[in-house]
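Before any comments, here is the structure.
The values are calculated or read from the model by the stated rules, or taken from the named source; none is laboratory data. Computed from a prediction, not measured in an experiment: that's the story for all the values here. Note that we place each Cβ from the backbone using ideal geometry, even for glycine, and neighbour counts take in every protein chain shown. What goes into the accessible areas is simple: the full protein's heavy atoms, side chains included, and nothing from ligands, DNA or RNA. Shrake-Rupley method; radii C 1.70, N 1.55, O 1.52, S 1.80 Å.
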Amino acid sequence: MDITDATNIMLYAANCQDGRPGYAVWHIFCAVDAFLLRKFIREYCGFIGSGDPIHSQTVYLTPDLLELLFRIYGIRPYTIYHYPNQVVYIPAYCAHQVSYDVNVQVPC
């Protein structure tokens with residue numbers, strides 16, 4: 001979560017093992033959901049550290065956790081599959097996570 005808008009440009013990604021182009025998976029949350037997202041991370045992800053759980057960079061919401069977040073609070077992030085030569089825009093105050101996951105199935 002940043003206090004300014006951000007753009008992320010992917011210049012290169014190694015191919016997946018099956019030869020498909022490499023990519024990153026972004027989950028971007030609406031800024032208005034930050035309070036409940038923090039509560040969820042504390043209550044369901046075991047965050048006990050000091051400071052802001054969103055900024056801690058110690059929790060990654062897996063597909064199962066994202067589904068639980070939706071069932072409990074009705075929060076669903078925007079999911080973006082980011083390929084080389086593409087830009088992802090992240091609005092200010094929107095919590096986000098990014099990962100390269102070879103197990104994620106890209107929708108057709």
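Computed values, structure above
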{"item": "Options PHE70, PHE47; residue that is modelled with pLDDT of 95 or more and either β-branched (Val, Ile, Thr) or on the phi < 0 side of the Ramachandran plot (or both)", "result": "PHE70"}
{"item": "Residues of the range 78-96 classified as farther than 17 Å from ASP5 by Cα and either outside any strand (DSSP E or B) or touching a His at 6+ places or on another chain (Cβ under 9 Å) (or both), total", "result": "4"}
{"item": "Residues of the range 42-65 satisfying the condition of being open to solvent by 100 Å² or more (accessible area, probe 1.4 Å) and either small (Gly, Ala, Ser) or in a helix (DSSP H, G or I) (or both)", "result": "ARG42, GLU43, TYR44, SER50, ASP64"}
{"item": "Contacts under 7 angstrom Cβ, first residue in the range 58-83 being free of Cβ contacts under 8 Å to residues at least 12 places away in the same chain, partner part of a helix (DSSP H, G or I), 6 or more apart", "result": "ARG76/PHE70"}
